[in-house]
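Student: To start, I am sharing the structure in question, which I have written as structure tokens.
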Amino acid sequence: MTISIHGIGVGRGVGIGRAVVIASSRADVGHYFIDAEQVEAEIARVYEARDALVQEIQLLLATMNKDMPGEVAALLEVHMLLLQDDELYSGVRYWIADRLYNAGWALSTQFERLARQFEEMDDPYLRERKADLEQVIERLIKRIQGEESPLAMQAPASSGSECLDADAADVPLVLVAHDLTPSDMLQFRQSVFKGFVTDVGGKTSHTAIVARSMGIPAVVGARGASRLVQQDDWIVIDGDAGVMLVNPSPIVLDEYRFRQRQDELDKTRLLRMLNTPSVTLDGQKVELLANIELPQDTQAALAAGAVGVGLFRSEFLFMGRKQHHPDEEEQYRAYCQALEGMQGLPLTIRTIDVGADKPLDDSVPDLAHLNPALGLRAIRWSLAEPAMFLTQLRAILRAAALGRVHVLIPMLAHESEIRQTLQMLDMARQQLDEKGMVYGEVLLGAMIEVPAAALTARMFLEHFDFLSIGTNDLIQYTLAIDRADESVAHLYDPLHPAVLQLLAMTIQAAIDAGKPVSVCGEMAGDTSFTRLLLGLGLRSFSMHPAQILAVKQEIVRADAGKLKDWAQQVLASRDPASLMRS
Ligand code: PEP
Ligand code: MG
């Protein structure tokens, strides 16, 4: 029977594949295919890890202090039994030999399968053994990954789908998880999945943004998906409608395959826009910039015809690094790499935007009782961590000696924060002077992400060279809607009259001051808003590269002059959505 689960589409298009169901805690397990010749060696690694763990537990049991409570020995014996369970290894052999999964992936997949069997058991004692199995599997995976170089955690270049044998290559895979953090997503950027679904998340949650930048179909907020879907079920992800189908009938599957082919055709057609100038019918030039997460994303930015990077979310350099934050040299190299990647075009580096809403890794303390979106994040966090902030500013200033660098400060609200930020920049320059290090000029921009900033945009323009409107947060803070919470996602409305007023005010303030203003939130890459933003006077859009050509198509068909009056009507309306269709 086909089950359909509704959520929020965040990555466009159709993805079809077999489900790989994972728990978020296992998201940092490497997910890559091995070559057919590696199968025996990969299986052997699992058995070696098992033997080593068995020995370890045996030693523990033999040397255990007699005063230890009996439960400890009993627990170790349970672990020993689970560790030697044949069903575990027959499954693992299947995933490795038939599917060519790497060892860690095979173990975590088999765990999910066995965990379900445990959950369905009537006997509470047996049900609880799931947690023991989890511990055993995690220890096996750790031991196996301990042998791998950090690079092997991602798909190695030689193990892409092109080198699979026919059987495994025929099985596209989609990921189903309860939740994925932005740092989990970073792992998956180089993985083999054709799409993903999560139980939680909103349209502009950071996980969704990374998914969109990967250009794969994705649905978030599909409540219960990771419980309902079984390992290896056939899944259709309809990223446009925000729906996932589980085990659809062959007729439905055919229908979606047809849509997939249509989407491919549309993408090919859009490529014709690549060399078309981004100019409206009435001759207004519009700047199309790229949002990137890592220096290597500049390739996609150039390939899509971006004329610069409007938002480099630098926090992704810091994610998933446990306590080892990149030092000044490493950051400097990353910024230089991005600059080189852009071949002389400007690079806008946003200073680190982290906090409890976007943790650097899983070791952040539990702040569930607080509201992370209203807490210590973005510039507030940077000002509270001056040593880290200065390190980043020095690295950026040094990179600026090599090209056109703009610095963008996230989530400012107070003039005092602006003053402190400017002081930190002066201090970073002074520190570089003292060390005799070369650095360059930067243009300084502020993100307008909180209503307080939009309402005082004129004051911001006295301090900054340019503004960039972060609509993802601006909407969240104007409407008091957590952008990551699917239960209020229906109220997250970019067309709310209050949001539009703030947007229009900010754009107008910059125009009056003769300074550049851009939108770098998801609204900029959504073609349904292009005409409105043009009508409000916006001439610079920054978005993930996959959206650039579609937005350009809207621009070349638009008459900005005519859109001006219409945009004013939308702005004055109590129901802007109804006018958007006119
Ligand atoms: C925004 O808030 O619109 C934005 C671009 O920043 P981020 O999505 O990284 O918070
Ligand atoms: Mg933001």
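Student: May I ask you to verify whether Leu88 is in contact with a strand residue (DSSP E or B) (Cβ under 7 Å, 6 or more places away or on another chain) and surrounded by 15 or more Cβ atoms within 10 Å (Cβ to Cβ)?
Tutor: When the stated conditions are applied, Leu88 does not pass them.
Student: Determine, yes or no, whether Arg419 is in contact with a helix residue (DSSP H, G or I) (Cβ under 6 Å, 6 or more places away or on another chain) and either basic (Lys, Arg) or open to solvent by 60 Å² or more (accessible area, probe 1.4 Å) (or both).
Tutor: no
Student: Shifting gears a bit: Report those strands (runs of 3 or more DSSP E) wholly inside the stretch 198-285 carrying at least 3 residues which are out of contact with any helix residue (DSSP H, G or I) (no Cβ under 8 Å at 6 or more places or on another chain), in contact (Cβ under 8 Å) with a residue 24 or more places away in the chain and open to solvent by 40 Å² or more (accessible area, probe 1.4 Å).
Tutor: Where strands (runs of 3 or more DSSP E) fall fully within the stretch 198-285, none carries at least 3 residues being out of contact with any helix residue (DSSP H, G or I) (no Cβ under 8 Å at 6 or more places or on another chain), in contact (Cβ under 8 Å) with a residue 24 or more places away in the chain and open to solvent by 40 Å² or more (accessible area, probe 1.4 Å).
Student: Continuing with the same structure: Can you pull out the residues in the stretch 302-357 that are away from ligand 1 (no atom under 16 Å from the Cβ), farther than 14 Å from Val405 by Cα and of a type in the set (Asp, Glu)?
Tutor: Residues satisfying the conditions are Asp327, Glu328, Glu329, Glu330.
Student: Inside the stretch 454-473, can you point out the residues that are assigned to a helix (DSSP H, G or I) and either in contact with a helix residue (DSSP H, G or I) (Cβ under 6 Å, 6 or more places away or on another chain) or away from ligand 1 (no atom under 15 Å from the Cβ) (or both)?
Tutor: Ala454, Leu455, Ala457, Arg458, Met459, Phe460, Leu461, Glu462, His463, Thr471, Asn472
Student: Which condition does Lys515 not pass, out of (1) over 25 Å from Leu425 (Cα atoms); (2) of a type in the set (Lys, Arg); (3) more than 16 Å from ligand 1 (Cβ to nearest atom), if it passes all the others?
Tutor: (1)
Student: Step by step: first the residues of the stretch 313-341, then only those that are of a type in the set (A, V, I, L, M, F, W, C) and over 18 Å from Met388 (Cα atoms), then the one that is farthest from ligand 2 (Cβ to nearest atom). Which residue is that?
Tutor: By that ranking, first place goes to Cys336.
Student: Out of (1) within 16 Å of ligand 2 (Cβ to nearest atom); (2) part of a helix (DSSP H, G or I); (3) touching a Lys or Arg at 6+ places or on another chain (Cβ under 9 Å), what's the single condition that is false for Gln431?
Tutor: For Gln431, the exception is condition (1).
Student: With respect to Met437, is the statement that it is in contact with a strand residue (DSSP E or B) (Cβ under 8 Å, 6 or more places away or on another chain), part of a loop (DSSP other than H, G, I, E, B), more than 20 Å from Leu538 (Cβ to Cβ) and of a type outside the set (D, E, K, R) true?
Tutor: It is false that Met437 is in contact with a strand residue (DSSP E or B) (Cβ under 8 Å, 6 or more places away or on another chain), part of a loop (DSSP other than H, G, I, E, B), more than 20 Å from Leu538 (Cβ to Cβ) and of a type outside the set (D, E, K, R).
Student: Go through (1) at pLDDT 95 or above; (2) touching a Gly at 6+ places or on another chain (Cβ under 9 Å); (3) surrounded by fewer than 17 Cβ atoms within 10 Å (Cβ to Cβ); (4) not polar (S, T, N, Q) for Lys552 and report which single condition fails.
Tutor: (3)
Each row is one residue, and each column tells you yes or no for (1) under 19 Å from the mean Cα position of the chain (by Cα); (2) open to solvent by 30 Å² or more (accessible area, probe 1.4 Å); (3) at pLDDT 95 or above; (4) away from ligand 2 (no atom under 16 Å from the Cβ).
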residue: Leu491; (1), (2), (3), (4): no, yes, no, yes
residue: Leu495; (1), (2), (3), (4): no, no, yes, yes
residue: Leu502; (1), (2), (3), (4): no, no, yes, no
residue: Lys515; (1), (2), (3), (4): no, yes, yes, yes
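Student: Next question. Under 6 Å by Cβ, and 6 or more places apart or on different chains, what pairs join a residue from the stretch 445-465 that is more than 10 Å from Thr506 (Cα to Cα) with one that is crowded, with 23+ Cβ neighbours inside 10 Å and of a type in the set (S, T, N, Q)?
Tutor: Gly445/Ser468; Met447/Ser468
Student: Quick check on my filter: what residues within the stretch 474-497 are in a loop (DSSP other than H, G, I, E, B) and near ligand 1 (Cβ under 10 Å from one of its atoms)?
Tutor: Of everything in the stretch 474-497, just one residue is in a loop (DSSP other than H, G, I, E, B) and near ligand 1 (Cβ under 10 Å from one of its atoms), namely Arg483.
Student: Which residue pairs have Cβ atoms under 8 Å apart, sit 6 or more places apart or on different chains, and have a first residue in the stretch 542-558 that is under 16 Å from Leu294 (Cα atoms) and a second that is among the β-branched types (Val, Ile, Thr) and assigned to a helix (DSSP H, G or I)?
Tutor: Pairs that qualify, where the first residue is under 16 Å from Leu294 (Cα atoms) and the partner is among the β-branched types (Val, Ile, Thr) and assigned to a helix (DSSP H, G or I), are Met543/Val551; His544/Ile209.
Student: Quick check on my filter: what residues within the stretch 527-537 are free of Cβ contacts under 8 Å to residues at least 40 places away in the same chain and not hydroxyl-bearing (Ser, Thr, Tyr)?
Tutor: Phe529, Arg531, Leu533, Gly535, Leu536, Gly537
Student: Mind checking whether some residue in the stretch 430-437 is of a type in the set (A, V, I, L, M, F, W, C), at pLDDT 95 or above and within 20 Å of Leu347 (Cα to Cα)?
Tutor: Looking for residues that are of a type in the set (A, V, I, L, M, F, W, C), at pLDDT 95 or above and within 20 Å of Leu347 (Cα to Cα), one finds none in the stretch 430-437, hence no.
Student: Under 23 Å from Leu461 (Cβ atoms), away from ligand 2 (no atom under 16 Å from the Cβ) and assigned to a helix (DSSP H, G or I): does that describe Met424?
Tutor: Taking the combined requirement at face value, the residue satisfies it.
Student: Further question: Would you pick out the residues in the stretch 262-273 that are basic (Lys, Arg) and within 21 Å of Gly242 (Cβ to Cβ)?
Tutor: Listed by number, the list holds a single entry, Lys267.
Student: Residue check, Phe464 against (1) within 16 Å of ligand 2 (Cβ to nearest atom); (2) open to solvent by less than 60 Å² (accessible area, probe 1.4 Å); (3) more than 24 Å from Ser578 (Cβ to Cβ), all met but one. Which one?
Tutor: (1)
Student: To continue, here is another question. Is it the case that the stretch 143-161 has a residue that's modelled with pLDDT of 85 or more, open to solvent by 10 Å² or more (accessible area, probe 1.4 Å) and either more than 25 Å from the chain's Cα centre (by Cα) or under 20 Å from Leu53 (Cα atoms) (or both)?
Tutor: Taking every residue of the stretch 143-161 in turn, at least one turns out to be modelled with pLDDT of 85 or more, open to solvent by 10 Å² or more (accessible area, probe 1.4 Å) and either more than 25 Å from the chain's Cα centre (by Cα) or under 20 Å from Leu53 (Cα atoms) (or both).
Student: Applying the selection to the stretch 527-539, what residues are open to solvent by 10 Å² or more (accessible area, probe 1.4 Å) and not in a helix (DSSP H, G or I)?
Tutor: Across the stretch 527-539, the qualifying residues are Leu536, Gly537, Arg539.
The values are calculated or read from the model by the stated rules, or taken from the named source; none is laboratory data. On a predicted model such as this, the values are computed, not experimentally measured, just so you know. Note: ideal-geometry Cβ built from the backbone for every residue, glycine included; neighbour counts use all protein chains shown. Areas reflect the complete protein model, heavy atoms only, side chains present, ligands, DNA and RNA absent. Shrake-Rupley method; radii C 1.70, N 1.55, O 1.52, S 1.80 Å.
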